[in-house]
1. In the list SER135, SER171, SER157, SER149, which residue meets the criterion of being closer than 21 Å to GLU82 by Cβ and hydroxyl-bearing (Ser, Thr, Tyr)?
2. If you scan the stretch 83-108, which residues turn out to be within 15 Å of ARG48 (Cβ to Cβ) and open to solvent by 30 Å² or more (accessible area, probe 1.4 Å)?
3. Look through ILE80, ILE71 and report the one residue that is modelled with pLDDT of 90 or more and either touching a helix residue (DSSP H, G or I) at 6+ places or on another chain (Cβ under 9 Å) or surrounded by fewer than 16 Cβ atoms within 10 Å (Cβ to Cβ) (or both).
Amino acid sequence: WYQRRVRASNSLPRGLMTTTATKRADSAASAGNRTEAVIHPLRQWPWRPKHIENTLKNPNFTFCRTDINLIVEKNAVDYIGEILKHPLKKLSNELKHLSVRFLRTSKSEVQTALKLIFHDNLSIQAQNSAVHALSLFLMSMDKYKFSKSVRCLLSFSVGHFFRWLVDHKISKRVTDCSVVYLAAAFQCLTEELLTRTIHTKVTADSSKGKQDFVLSRDVLKSVVERDPDLARVFGVELVREEVVRGPSPPLGHTVLCVDTT
């Protein structure tokens, strides 16, 4: 059969062979164009504003206060999306170095990178949240019925993180557990930012009833700039209280008040 096919192809005129090959190339190119039209263009970061907003308003959030009516502004969501870029950049650089040995990105590499990038307290909380999400992912039985994010009870998209790691060529192989671990860690970082903001800005007063708390860009920025852990993770310059209210007098010295009247 192979010899007959070769003889038949050799017996064709050269012009006919060229025309047939051209038609096949044109059909392949048109099929490729159709495929590219279906695939959505790559976005630079694995989160969207809706993911951040769903995280801030998540009813499964561990820190829930019934005396607060949270109002999230759009500029606050945009600010969180901007400051999350810095830890993801540093984390991707660490993952590239850690994945060189075995040419793959697994849960161990992501866990080690989180310990290097995040602060001690934030690292422990992110690891606990990631282990909880990973346990839900591994114990879920509906493997082909629901998405990975739904199986892990995450607001951040696990598929977007997986595509971001693959397209940025972090390593040759990326495991599912590592992507779940990474998405859960960044969602925990967003929740921790909201928790510290509410603890700092909202005073507990049961006599006033339910309070309205507006989460804006200025409120988040003031909290991040004055928190050493968050400023280190997000790469923001730390603003100390002495800069705001002025330096305090040294010990052993008294401040003289001169009356000019």
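1. Selected residue: SER157, the only one of SER135, SER171, SER157, SER149 that is closer than 21 Å to GLU82 by Cβ and hydroxyl-bearing (Ser, Thr, Tyr).
2. LYS85
3. ILE80
The values are calculated or read from the model by the stated rules, or taken from the named source; none is laboratory data. Here the structure is a predicted model, which means the values were calculated and not measured. Cβ atoms come from the backbone with ideal geometry, glycine included; neighbour counts cover every protein chain shown. Note: areas computed on protein heavy atoms with side chains; ligands, DNA, RNA excluded. Shrake-Rupley method; radii C 1.70, N 1.55, O 1.52, S 1.80 Å.
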